[in-house]
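Notes follow the structure.
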Amino acid sequence: MPENAPSGEVGVEVIAPGGSRRFVRIEETPFLIGRSGETAKHLQLKDPRISRQCAAIVSDGEHYFLEDRGQRHGLFLNREKVSRQELTDGDVISFGVENFFELIFQSAQHDSSIPELLSRIQNISASDTTGGGGLHKLNLLLEATSLLHSRLPLEAVLGTMLDHAISVTDADRGYLLEPVSQGPMRIRLARGRGGTRLSAAESAPSQTAIQQALEQQESIITEDLAHAGASLQAAESIIAQRLRAVVVIPLYAMSRASTTDSAVQAKRGEFLGVVYLDSRRPAAFSRLDRRILDALGVEAASILDNARLVEKERERERMEQQLAIAKDIQQALLPRGFRDFPHVGITGVNLPCLTVGGDYFDVFTLGDGRTAFIIADVSGKGLGAALLTTMLQGALSGIRIGIEPAKIFSHINHFLCEHEDVERYATMFLGILDDDGHFYFINAGHPSPYLIRTAGIDEPCCDGSFPVGLMPDAEFTSNEIKLAPGDTLVLFSDGVTEAMDPDDNLYGGPRLRELLGGLHEATLDHVQKTVLTSIESFTRGAPQADDITLLLVRYRG
Amino acid sequence: MSLKITERVVDGVTVLALDGRIVLGDETNEFREKIKNLLAEGRKKILLNLDNITLIDSTGLGTLVSAHHSASARGAYLRLSNLGSKFQEVLQVTKLLTVFDVSPTEAEGIKSFSN
């Protein structure tokens with residue numbers, strides 16, 4: 001039995017025509033391969049069909065290359081004829097002769113150990129199938145499977161697993177098939193004997209056998225099709241390909257829902273695919289072989305299942321990254337430097353209930369001492385709503401270049417009604433404040449802001465129109481009121497008044513109105529903080545269903 | 001899922017009694033499907049009794065308006081009855097009270113179709 005190759009070693013795995021394997025280290029280069037003598041001093045393949053001086057593996061210190069040194073039938077790397085070619089891990093070297101040795105080049109640290117273990121299993125299975133030898137075989141299987149779960153790339157793990165199944169069953173071909181939403185299953189991996197890769201295009205696994213295994217939800221192991229059921233015998237692909245033995249192992253994820261079930265009762269999880277093996281020779285499987293096949297099926301299912309979960313997790317991480325970017329952009333689009341406006345003090349806050357939200361506000365100066373401010377609330381929440389907020393903000397910025405605000409509202413309304421499949425609308429409030437206290441506004445279905453004045457609290461902006469995006473023929477008109485110096489407008493989204501406590505009670509407009517009553521003299525920052533604190537103590541940590549946005553505007557005079 | 005829809009036909013009017021929340025998610029999807037199916041069956045008079053609606057969010061409101069549009073497009077009528085104060089307020093703020101025919105009671109709602 002060959003030694004287990006230590007980590008990081010380079011070598012070739014030699015697969016004999018009978019299927020036995022051994023590992024030969026490449027300790028010096030050129031590594032000479034041939035039939036006999038000095039020209040084959042590192043690896044001798046004793047067979048008259050091979051040239052005495054056949055091939056060499058050379059190195060430039062960093063990479064390894066395969067060179068033809070005179071093999072009479074040609075030298076092949078992964079089934080392609082080569083004269084000199086760089087070697088990469090897992091490459092299959094063959095010699096243009098049927099039923100002959102094959103070499104698998106191995107350079108990676110991890111790959112040296114698994115095929116080694118597998119070949120050890122193979123060597124035992126050839127000689128002993130019962131008693132201590134069988135136990136040893138299972139031990140090695142366990143070692144192999146623990147390696148299968150290790151650090152290897154998925155395709156390498158699955159490939160190794162399939163190679164192992166092929167060598168246990170002495171099959172000609174092995175496939176891993178995966179279900180697709182419609183039609184026959186997709187071939188994910190196709191391997192021949194000795195770790196060769198088959199092209200999926202020229203492969204025709206027996207669909208009849210696969211179908212049978214799927215219907216029975218258990219493995220089909222047919223040692224000799226000459227004695228199999230009529231439906232399998234008659235199957236077209238089996239006849240056409242002169243198959244004699246077929247093994248189909250369906251793979252199911254372990255159900256995670258049934259943690260309290262015993263192993264016996266454990267329900268089958270999602271169907272993940274099948275391992276399919278076939279051969280043109282009849283096979284004879286010992287009971288141990290069958291158990292190993294079953295164990296392999298379980299391992300393969302668990303590998304696929306883990307890979308699927310890892311992929312889902314990666315996908316989730318990607319989505320989270322994208323959302324984080326969306327959040328940064330959305331927050332960056334909010335106005336900064338609230339204190340830079342003439343005659344007006346402004347502060348505001350936007351707290352989406354999800355990472356991004358459907359509320360936004362904006363503030364900008366229009367020249368002539370006028371300041372415009374906008375608060376908008378797109379229906380729904382999250383990313384879908386957030387996409388529309390940026391559209392609204394873009395359209396409304398047209399006010400800065402002199403477009404009549406009512407026209408912009410009308411335009412947005414038409415646009416959203418035309419694209420009705422978007423299935424979203426928005427309530428919007430636009431205010432423009434002159435330096436002399438004239439306050440001009442358009443309210444499209446938005447709650448009226450509260451106005452904190454010396455005399456008390458008002459709701460001066462209840463007049464208005466439909467939200468944008470609901471009624472195709474909506475008209476948007478502007479209204480005007482006069483503010484006195486010191487008056488403060490409290491604009492908010494309905495996430496404020498509809499904030500909920502754990503018992504589903506709403507915060508409500510009256511509560512907000514009462515709270516604001518005592519804040520006529522307070523700084524804007526204090527007003528904002530007071531409102532947020534009040535909402536927070538009302539909701540007592542209950543998760544909120546809507547975004548919370550506040551915008552405070554004080555006319556300084 | 002927290003919206004229950006009970007259907008009955010009174011004097012040729014399809015009355016849907018809605019119980020629960022009309023909010024983003026399964027609730028609005030189910031409501032939308034229900035209206036779609038009724039209109040496809042050729043029902044022309046539909047009254048929504050909203051007495052037991054505890055909450056409607058912005059998406060729910062949008063769904064209600066689009067149901068109204070779908071009905072109008074098919075020559076059908078969608079009317080409302082038994083609006084709670086909260087519902088009334090939402091329709092008030094958004095000016096949508098003017099879009100819907102609203103009756104205080106189901107009986108009056110049913111009667112309104114024969115006028």
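Tell me, please, whether a residue that is within 19 Å of B:V90 (Cα to Cα), under 45 Å from the mean Cα position of the chain (by Cα) and assigned by TED's automatic domain parsing to the domain that holds A:R370 can be found in region A:510-531. Within region A:510-531 (the criterion being within 19 Å of B:V90 (Cα to Cα), under 45 Å from the mean Cα position of the chain (by Cα) and assigned by TED's automatic domain parsing to the domain that holds A:R370), the answer is yes, since at least one residue qualifies.
Applying the condition of being at positive phi and within 14 Å of chain B (Cβ to nearest Cβ) to region A:371-410 and asking which residue is surrounded by the most Cβ atoms within 10 Å (Cβ to Cβ) yields A:G380. Being at pLDDT below 85 and not polar (S, T, N, Q) is the filter here; which residues of region A:74-91 pass it? Residues satisfying the conditions are A:R79, A:D89, A:G90, A:D91.
Yes or no, residue by residue, for (1) surrounded by fewer than 19 Cβ atoms within 10 Å (Cβ to Cβ); (2) in a strand (DSSP E or B):
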position: A:V168; (1), (2): no, no
position: A:S181; (1), (2): yes, no
position: A:R191; (1), (2): no, yes
position: A:G194; (1), (2): no, no
position: A:P205; (1), (2): no, no
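Annotation: of all residues in region B:65-78 being in contact with a strand residue (DSSP E or B) (Cβ under 7 Å, 6 or more places away or on another chain) and of a type in the set (A, V, I, L, M), the one that is farthest from the other protein chains (Cβ to nearest Cβ) is B:A76. Quick check on region A:411-418. Is at least one of its residues more than 12 Å from chain B (Cβ to nearest Cβ), at pLDDT 95 or above and in contact with a strand residue (DSSP E or B) (Cβ under 6 Å, 6 or more places away or on another chain)? Among the residues of region A:411-418, at least one is more than 12 Å from chain B (Cβ to nearest Cβ), at pLDDT 95 or above and in contact with a strand residue (DSSP E or B) (Cβ under 6 Å, 6 or more places away or on another chain), which makes the answer yes.
The residues listed here are B:S81, B:S85; of these, the one that is hydroxyl-bearing (S, T, Y) and within 29 Å of A:F429 (Cα to Cα) is B:S85.
For B:L83, the conditions (1) within 26 Å of A:H446 (Cβ to Cβ); (2) within 14 Å of another protein chain (Cβ to nearest Cβ) all hold with the exception of (2).
Of the strands (runs of 3 or more DSSP E) lying entirely inside region A:430-523, those carrying at least 3 residues that are of a type outside the set (S, T, Y) and within 14 Å of chain B (Cβ to nearest Cβ) are A:438-444. Restricting region B:30-64 to residues that are within 11 Å of another protein chain (Cβ to nearest Cβ) and not aliphatic (A, V, I, L, M), the residue that is farthest from A:Y425 (Cα to Cα) is B:T54. Scanning region A:536-557 for residues being in a loop (DSSP other than H, G, I, E, B) and not charged (D, E, K, R) gives a total of 6.
Across region B:27-59, the number of residues qualifying as surrounded by 16 or more Cβ atoms within 10 Å (Cβ to Cβ) and of a type in the set (G, A, S) comes to 1.
The values are calculated or read from the model by the stated rules, or taken from the named source; none is laboratory data. Owing to the predicted nature of the structure, the values given are computational and were not obtained by experimental measurement. With ideal geometry, Cβ positions are generated from the backbone for all residues, glycine too; neighbour counts draw on all protein chains shown.
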